[in-house]
Every structure is written in C-alpha cells, then in structure tokens.
1. Give me a count of the residues in segment A:1-13 that are closer than 17 Å to residue A:50 by Cβ and in a loop (DSSP other than H, G, I, E, B).
2. Counting just the residues of segment A:28-42 that are within 20 Å of the chain's Cα centre (by Cα) and hydrophobic (A, V, I, L, M, F, W, C), which one comes out nearest to ligand 2 (Cβ to nearest atom)?
3. With under 23 Å from residue B:556 (Cα atoms), crowded, with 22+ Cβ neighbours inside 10 Å and either in contact (Cβ under 8 Å) with a residue 40 or more places away in the chain or under 23 Å from the mean Cα position of the chain (by Cα) (or both) as the only criterion, which of B:589, B:602 stands out?
4. Of the residues B:273, B:175, only one is away from ligand 1 (no atom under 12 Å from the Cβ), within 30 Å of residue B:561 (Cα to Cα) and within 14 Å of another protein chain (Cβ to nearest Cβ); which?
5. Report the residue count in segment B:630-646 for those that are acidic (Asp, Glu) and closer than 12 Å to residue B:605 by Cα.
6. Among the residues of segment B:282-296, is any in a strand (DSSP E or B), closer than 29 Å to residue A:63 by Cβ, within 14 Å of chain A (Cβ to nearest Cβ) and open to solvent by 10 Å² or more (accessible area, probe 1.4 Å)?
7. Could you pull out the residue among A:64, A:45 that is within 16 Å of ligand 2 (Cβ to nearest atom) and either at the interface with chain B (Cβ under 8 Å from one of its Cβ atoms) or touching a strand residue (DSSP E or B) at 6+ places or on another chain (Cβ under 9 Å) (or both)?
8. Looking only at segment B:60-114, count every residue that is among the hydroxyl-bearing types (Ser, Thr, Tyr), free of Cβ contacts under 8 Å to residues at least 12 places away in the same chain and open to solvent by less than 10 Å² (accessible area, probe 1.4 Å) and tell me the total.
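The values are calculated or read from the model by the stated rules, or taken from the named source; none is laboratory data. A quick note: this is a predicted structure, and the numbers were derived from the prediction, not measured. Here the Cβ positions follow ideal geometry from the backbone for every residue, glycine too, while neighbour counts run over all protein chains shown. In case anyone asks, the SASA skips ligands and DNA or RNA and just uses the protein heavy atoms, side chains included. Shrake-Rupley method; radii C 1.70, N 1.55, O 1.52, S 1.80 Å.
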Amino acid sequence: MKIHLKVWRQRDNDSKGYLEDHTVEADEHMSFLEMFDVLNESLVSEKKTPVAFEHDCREGICGSCNMVINGQPHGPQSGTTTCQLHMRSFNDGDTIFVEPWRAKAFPVIKDLVVDRSAFDRIIQSGGYISVNTGQAQDGNAIAIEKDRSARAMDAAECIGCGACVAACPNASAMLFTAAKVAHLGTMPQGEVEHTLRVQSMVKQMDLEGFGMCSNTGACEAECPKEISITNIAMMNRSYVGSVLGSEKSV
Amino acid sequence: MELKSNTPEGPLATKWEKYRGTMNLVAPNNKRRIEVIVVGTGLAGASAAATMGELGYNVKCFTFHDSPRRAHSIAAQGGINAAKNYQNDGDSVYRLFYDTVKGGDYRSRESNVHRLAEVSRNIIDQCVAQGVPFAREYGGLLANRSFGGVQVSRTFYARGQTGQQLLLGAYQALSRQISLGNVEMYNRHEMLDLVKIDGKARGIIARNLLTGKLERFAAHSVVLATGGYGNVFYLSTNAMGSNVTAAWRAVKKGALMANPCYTQIHPTCIPVSGEYQSKLTLMSESLRNDGRVWVPNKVEDAQAIQRGEKTALDIPEEERDYYLERRYPAFGNLVPRDVASRAAKVACDEGKGVSKTGLAVFLDFAAAIQRYGKSSAISKGIQNPSEDKIIELGEAVIKEKYGNLFQMYEKITADNPYKTPMKIYPAVHYTMGGMWVDYHLETNIPGLFCLGEANFSDHGANRLGASALMQGLADGYFVIPYTIGTFLSKEIRTPKIDPDAPEFMEAEKATQANLDRLINIKGNQSVESFHRRLGKIMWEYCGMSRNAEGLKKGRQMIRDLRAEFYNDVFVPGEVGEFNPELEKAGRVADFLELGEVMMMDALDRNESCGGHFREEYATPEGEAKRNDEDYAYVAAWEWDETEPRVHKEQLEFKDIELKTRSYK
Ligand SMILES: Cc1cc2nc3c(=O)[nH]c(=O)nc-3n(C[C@H](O)[C@H](O)[C@H](O)COP(=O)(O)OP(=O)(O)OC[C@H]3O[C@@H](n4cnc5c(N)ncnc54)[C@H](O)[C@@H]3O)c2cc1C
Ligand code: FES
C-alpha cells in the first residue's frame with residue numbers, strides 16, 4: 001500500500017518546524033513505527049537525516065512512542081499506542097499527518113521527540129511511598145480486598161507517555177497525576193502520606209506549566225491504557241479536602 | 001588469570017548470613033563522602049541506586065532513556081518468583097535454589113543462587129510495602145501461579161504487567177532519593193567508557209545525548225546494571241534500545257565476559273511476519289499454564305494449513321500431536337524454555353509448522369476454556385449449561401487471567417485467540433551470559449560491580465521463568481548494598497576522585513576519536529542494514545542449535561562484516577548533536593565484536609547444556625548431552641581484536657548432586 005506522509009520536522013526547540021512530504025511503500029502487517037523505519041531507511045540511503053522519533057519496547061508498555069497521527073495522539077485506534085498501531089488501520093493511498101506532542105511543558109527536542117521530564121519531577125515531588133529497603137513487614141501482613149487492589153492496578157497501568165497532555169486543549173497533566181495519586185492512595189500502604197502527596201504533586205504539576213483541567217474528557221478518550229477520568233474526581237476530592245481540612249500543607 | 005569466586009567459607013545455608021554479620025561496614029559519616037556511580041535504571045539499577053541513596057552514599061545514576069521508568073524491565077509480563085510458600089505446596093528456599101541450579105543445567109555458582117533464593121522473600125515484602133498492586137485472592141492475600149520447569153506455585157504477578165509494576169516501585173523509590181538529594185539523576189546520558197585509575201574503576205565517560213558532548217564523571221566505585229545483549233540477534237523480544245555497549249566498553253578495559261553463548265530462546269513468541277520486522281513480541285510463559293502446544297500429526301495437514309487451505313479447527317483431535325505432553329509427561333506443557341523451544345524447532349524441521357513460513361506451532365486454549373467454563377457454571381449454580389454458555393463462561397475466566405496478552409496478540413496478528421489457537425515460535429529473549437562477577441558481584445576490575453541481566457551469575461545455561469525480575473531486584477535491593485561495602489570500607493581514606501585526572505582526559509579523547517571515526521566513514525550502507533545482517537548470522541550459526549563447522553564459519557563471517565562496517569557504514573548528522581543514528585552505530589559496532597566472542601564460546605563448549613545445544617552432543621532421542629567432567633566451568637572471555645582468550649572458573653557442587661536434567 002502507498003502512504004503519503006506529512007511529517008513534522010524541527011531541528012530543535014528554537015527552530016521553526018514545518019511539515020515535510022514523503023511517500024512510503026508499506027505493508028498492512030507493518031506496525032506504524034515499522035513504516036517509519038522504512039521511511040528512515042530510505043532517507044539514510046539518500047544520505048538525508050532520518051526523522052527522529054522516540055520508541056523502545058514496541059509493545060505498548062514503555063511509554064516512549066508519541067506521535068500525533070491525523071490530529072489524534074497515538075492515532076485512530078482506541079486503547080492503542082503508536083507502536084501497536086498497524087498499517088491495516090489505514091487505506092492504500094491515504095495521506096497521514098504526523099506531529100509531535102504539543103504542550104508548553106513538553107518542549108520539542110527534535111522532529112517528533114519531546115522532553116517529558118516534567119513527569120519525572122511530578123513523581124519526585126511525592127509519587128511514592130516512603131519506605132526504605134529493609135523496612136517492610138511480611139507481604140501478607142495486610143490483606144487487601146481483591147477489588148481494591150484491582151482498582152489500584154487500573155490506575156497504576158499508566159505508562160507515562162503523555163498522550164493525556166497532548167490530547168487536552170489546555171495541555172493539563174491531571175490524568176497522569178491523578179492516576180498516580182489514585183494508585184497509591186487506594187493501597188493501604190499509601191494512605192498515610194495521601195494528603196501530603198496530593199498537595200505536593202498538584203503543586204509541582206502547576207509549577208511545570210501544565211494547564212488547568214476543564215473536564216473535556218479528551219485525556220481519557222485518547223489514553224492508550226484507558227485510564228479512567230474518575231481518578232481525577234478522586235484527586236480533586238482529596239485535594240479540596242486536604243486544603244480545607246488539614247493543617248499540613250505544602 | 002585466576003578467577004576467584006570469593007565465596008565465603010561455611011555451610012551453604014548460612015554463608016550469606018555470616019557474611020553480612022562479619023563484613024566490614026562503612027560508617028554513616030564516611031558514606032556521605034563516598035561517591036558511587038550506577039549505570040542503568042532497570043530493576044537492578046533503580047533498586048541499587050535507591051537503596052544506596054537511602055544508606056547515605058552519594059549516588060550518580062545514569063540512563064540513556066529519557067526517564068528511568070522506560071528501562072526495558074518495564075516490559076516484563078509474567079511474574080516474579082519468591083520462596084514464600086504461601087501456597088503450602090512444598091516450596092522452600094532450598095527448593096527454589098535447587099530448581100534454579102537444575103533449571104540452569106548445573107552451570108551456575110551454588111553460593112550465589114542460594115543467596116538469591118534466600119532474599120527472594122524480602123523482595124515481595126519490599127514491593128508490597130511500596131504499593132505494588134500484586135494480584136490477590138478473594139481473601140485479600142497474595143495470589144500465585146506456576147511457571148515452567150517447577151512443580152510449585154511461587155510466581156507473584158500484577159496482571160500481565162509485573163515488570164512495569166515492579167519497575168515503577170523501584171522508580172518511585174529512586175525518585176524519592178532524587179528529591180532528597182541523595183541521588184543525582186542523569187537521563188539521556190549514555191556511558192561510552194569506563195575509567196580506571198591504578199587498576200580500580202573510578203568513573204565513566206558518558207555522552208549527553210541531547211548535546212552530543214562527552215562528559216566525565218568520577219566516583220569511588222562504578223556499578224553497571226545495563227541489561228542484556230539479546231539484540232545482538234537483531235530480532236529479539238528485547239526493547240529496541242537494549243544493547244551491550246556499557247558492559248562491552250568495560251570488557252575492552254579488561255573486564256571479562258562470561259558464558260556469552262548462553263542465550264535463552266523463549267518458546268512462546270509471535271512468529272516473524274516479514275522482512276521489515278523490527279522486533280519480536282513475547283507471549284508470556286504464564287500462557288503455558290493453560291495453553292496446550294500442538295502441531296498436526298501429518299505433514300500433509302501442516303502443508304494444507306501453510307497454504308491456507310485448512311485451519312487448526314479442521315484438524316480432529318486424534319490427528320493432533322501434543323508433542324510436549326507426549327514427550328515430557330511429568331511436566332507437559334510446563335517444561336523449561338530451552339526444552340520447549342527445541343521441541344518446537346524439531347516439529348517445524350519435520351515439516352509440521354503451521355504458518356505460511358512453516359515456522360510456527362499452535363498454542364491452544366480450547367481445552368482450558370471448556371474446563372473453566374464447566375467449573376464456572378457449577379460455582380454459579382447453572383444446571384446443564386449449553387455448549388455456548390460453557391464457552392462464554394470459560395472465555396471470561398481466560399480473559400481475566402490473560403486478557404491483555406490476548407488483546408496484544410490480536411492487535412499484532414488480527415487473529416482472535418479465543419476462537420482459534422495462537423501461533424507461536426521461539427525467539428531470542430534473554431542472555432544468561434554477561435560480565436563475570438564474584439560472590440560480591442564485583443568484576444575482575446576492583447571497584448567495578450555488575451548487576452541484573454548484565455552479569456552472568458545466577459542462571460547457568462538456562463534461566464527459569466520469573467527469575468530475572470527476582471535476580472534484578474535481589475541484586476539491587478539486597479545484595480549490592482552490602483557487598484559494595486566490602487570494597488568501599490577500604491576506600492574511606494581515598495579523597496574525592498578528580499574527573500580532570502589524566503586518566504579521564506585520555507579516556508575522553510579516545511571516546512571522542514571513536515565517535516569521530518564512525519561519523520567520518522561516510523560509506524553507503526545504513527547502520528540498520530549491518531545490524532540486520534549480523535542478526536541473521538547469529539541466528540543461523542549461533543541460535544537454537546549449533547555445530548562446530550557452522551560456528552567457525554559464523555565467526556569468520558562476523559569478522560568480515562565488521563571490516564565491511566568500518567569501511568562502508570553511513571552515519572548521518574554530526575557528533576555534537578542529538579543523533580540517534582550515531583548512538584545506534586556505536587552499539588552495533590560493539591555487537592559486531594561481542595558476536596565473534598559468542599561464536600568462540602559456543603565452539604569452546606563441546607557439550608550441550610541449557611540454551612546451548614551443540615548438534616554433536618545429543619542423546620539418540622535428541623536431548624542435550626552435558627559433559628560435567630570437562631565443562632563444569634564458567635568460560636570468561638578476555639577481548640582481543642585478533643584472538644580473544646578464555647579464562648576458566650571451575651564450578652564446585654557441594655550441596656547438589658549433578659544429575660541428568662530430566663523433565664520426562
Ligand atoms: C518481553 C519480556 C518479558 C519478560 N518477562 C519476564 C518475566 O515475566 N519475569 C522475569 O523474571 N523476567 C522477565 N523478562 C526478563 C527481565 O525483564 C529482564 O531480564 C530484566 O528486567 C532486566 O533488568 P535489568 O535491570 O538487568 O536491565 P534493564 O531493565 O534492561 O535496564 C537496563 C538499564 O541500563 C540502561 N543502560 C544500558 N546501557 C547504558 C549505557 N551505555 N549508558 C547509560 N545507561 C545504559 C538503560 O537505559 C536501562 O535503564 C522479560 C523480558 C522480556 C524481553
Ligand atoms: S515503544 Fe514502548 S509504548 Fe510504544
């Protein structure tokens with residue numbers, strides 16, 4: 001199948017970007033990134049600079065890949081990362097636009113590669129349980145309801161790719177932050193620090209320059225792991241409760 | 001060179017306890033002055049850096065990824081072993097130790113493996129305390145499942161994303177230490193050289209991948225936790241970025257590469273579909289708990305399937321060969337990976353493969369769906385359920401257990417595995433070989449330690465499922481924080497190491513020259529094309545089965561390919577910029593040397609053991625024939641451009657009797 005690509009090229013964050021046209025001969029069994037491999041192979045054979053894009057596991061779990069495909073983060077298939085998208089989702093002769101995540105807090109590094117270290121700093125601000133190695137009690141000392149643990153797992157499945165930010169008209173990082181807050185806050189081990197954690201992480205999120213949440217739900221719709229927007233509601237409740245009800249505040 | 005394992009004296013079961021009780025410690029005020037570099041943020045690196053930060057050392061941690069959380073460990077699916085015996089099914093530290101040594105075909109070091117089994121229990125406790133949402137029973141206690149090669153249920157898991165959840169736990173612990181200022185984190189930095197001063201490891205040269213500039217980092221000690229080198233085969237289940245460079249550059253500075261030929265070929269991966277393929281996808285071994293492996297009895301049926309004229313459903317029960325159940329009745333579909341992989345190869349070599357390429361076997365869930373459907377109907381009180389109802393209920397159970405794996409399979413192949421059996425084939429998955437380390441996890445270079453998949457230490461010639469996660473976290477959380485103290489306690493008077501010392505300047509210059517050399521070749525072939533060709537040579541001559549003639553030929557082919565690479569590779573762009581092609585070029589250059597040593601190692605080992613199967617050394621039934629008399633040693637290779645040399649560590653088995661490994 002013949003695919004016409006309009007790919008975002010940008011030398012670095014200070015340069016102006018533009019869309020570049022390419023045509024690729026693809027196979028319907030190829031993944032989207034393998035189609036990009038073919039493109040890059042041909043660019044290299046013409047001694048041109050290949051398109052920089054981020055990827056690693058290619059099985060939808062590391063959160064590296066990040067392409068906005070025809071305006072949608074990770075493309076048209078729901079619950080799917082760019083690396084898991086296959087060319088059979090497209091038709092022979094299609095024109096496909098490919099762009100990077102766009103958000104102030106995610107500056108472009110080159111072409112489709114952006115800097116997502118803001119996410120690391122949000123986790124560093126409180127996205128953990130304070131337990132040193134060796135301090136743990138027996139793993140079965142606290143029984144946890146199967147459902148409760150499953151709910152924590154639903155939130156913990158976030159891969160930190162940033163599609164939620166890219167999808168949001170305000171480039172908000174609420175879903176990412178709320179998923180971690182919900183994961184840890186749902187486990188009994190994480191309850192003790194819950195209040196402080198919510199406050200610190202929300203504060204860091206604001207510092208990084210992510211926008212406000214205006215409940216459009218685009219984050220949930222584009223999340224490749226289908227993380228639920230109810231996590232945001234939970235975080236909001238905890239946040240409001242903590243600011244009003246707690247003496248501790250950051 | 002004499003290789004000393006430095007295993008403490010005394011009975012096996014108390015060695016580790018005694019070691020910890022009597023080793024020299026570093027006092028807290030001294031720890032604050034001591035610097036440690038950790039390269040890698042997978043399970044091994046992140047847990048090590050976090051724990052050493054907690055202890056008060058000054059840690060600098062490096063990853064070439066954009067975030068520590070992206071390390072390849074994130075992709076592990078199935079689970080992590082621990083000798084908790086929560087199921088009361090006869091598990092114990094000794095049994096886990098025994099299974100691991102036996103599973104490794106008696107080619108690992110007893111003392112290291114026993115320690116691993118001991119600390120396995122602490123790992124689960126630690127991870128639970130970090131908030132890892134492990135799977136649970138209805139009573140709220142931790143759930144287990146079984147993995148290949150064992151007869152107990154000791155595998156803990158978090159759906160099909162165990163590696164992700166464990167890594168996030170370690171990443172969060174690391175993030176906490178970063179926020180406390182105990183660990184300085186360097187993302188997008190690739191270690192390209194090891195710096196030695198007076199014979200000791202004192203730092204690294206790393207390239208800042210954003211700017212392309214080299215930077216020098218000094219410390220009292222260096223820990224490598226840089227993962228495995230399966231990508232030397234080009235196609236593997238490893239993440240695209242996994243590579244051998246950090247370890248290999250250390251080898252070029254005098255460290256040794258142990259048992260490089262021990263490669264694990266995983267039996268259940270999605271088969272190759274075309275030339276453009278960039279990587280292979282694993283279908284977790286946990287599927288063999290419920291999936292039955294088979295091929296048609298008759299070659300004609302297989303051919304009809306290959307041509308697309310028949311499907312699995314057209315082959316009646318009596319025309320199917322459930323070859324694992326037939327050949328290995330005691331373990332059936334749960335035989336260890338090396339055995340399952342070779343059996344699949346045998347079936348396909350006989351012409352019974354079930355895909356267009358003839359390189360696939362079926363993994364069938366129909367029987368499990370029936371079984372679960374019926375028991376589910378009973379527990380729901382449904383009388384005389386219809387066939388459809390049984391299937392519906394059975395599929396629901398399967399979905400709960402393996403939903404995300406089935407979904408992944410369907411996304412990749414566009415086939416529905418609930419309705420027709422999966423097609424699977426073996427693929428390169430894990431490397432048991434790695435840097436030679438002693439009991440302290442210290443290499444032969446004083447002050448240089450190696451953890452996780454990057455070292456060779458615990459899995460012998462074959463790793464059991466769910467044991468890599470266990471080893472990575474054992475090394476990082478519970479072993480290195482102690483054993484590094486033995487080295488560092490002798491360094492408390494050593495002042496801060498100077499990154500401007502001549503040794504650093506020289507190493508930087510040499511690394512720069514290396515990068516310049518690659519970019520200036522300006523040939524005509526892409527880095528990728530060399531990597532792909534190398535992978536084909538490795539798979540053909542050093543893959544699932546090997547023979548002397550092929551290994552000699554393969555070695556020569558790699559040497560030729562390497563020469564061609566340095567003559568004709570094309571690397572676009574410049575050194576001093578963000579340049580992923582240049583990163584890849586350096587990694588492929590190292591694979592082109594490692595590959596040669598793998599061939600030599602496989603040739604040196606005139607026996608079959610675990611993942612290393614030499615066609616010349618097999619029983620009449622095609623099982624591996626080990627030679628304990630002559631080959632119960634670790635082969636540790638010293639690099640030399642013209643003729644790499646092997647050094648040997650004799651393995652001693654005091655607590656386990658060497659037996660022919662049988663799963664029949
Ligand atoms: C698909 C898949 C599924 C698996 N499932 C299981 C399972 O269910 N159970 C199990 O026990 N095992 C499993 N394994 C094996 C297991 O995941 C790995 O062996 C293990 O995670 C390796 O951990 P590690 O910490 O040693 O290395 P990695 O996780 O590979 O981490 C390596 C780190 O080193 C860094 N690095 C490497 N080189 C450099 C350099 N030059 N400079 C700077 N940084 C560098 C990388 O950035 C990364 O942070 C699986 C493996 C695969 C491929
Ligand atoms: S490459 Fe890892 S999620 Fe896509």
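1. 3
2. Initially, segment A:28-42 is screened for residues within 20 Å of the chain's Cα centre (by Cα), giving A:31-33.
Checking the rest, the ones that are also hydrophobic (A, V, I, L, M, F, W, C) come to A:32-33.
On the way: A:32: 10, A:33: 7 Å.
Looking at residues that are within 20 Å of the chain's Cα centre (by Cα) and hydrophobic (A, V, I, L, M, F, W, C), I get A:33.
3. None of the other options fit; the residue is B:602.
4. Exactly one residue qualifies, and that residue is B:273.
5. Adding up the residues that qualify gives 1.
6. Yes, because at least one residue in segment B:282-296 is in a strand (DSSP E or B), closer than 29 Å to residue A:63 by Cβ, within 14 Å of chain A (Cβ to nearest Cβ) and open to solvent by 10 Å² or more (accessible area, probe 1.4 Å).
7. Only one candidate passes the filter, namely A:64.
8. 0
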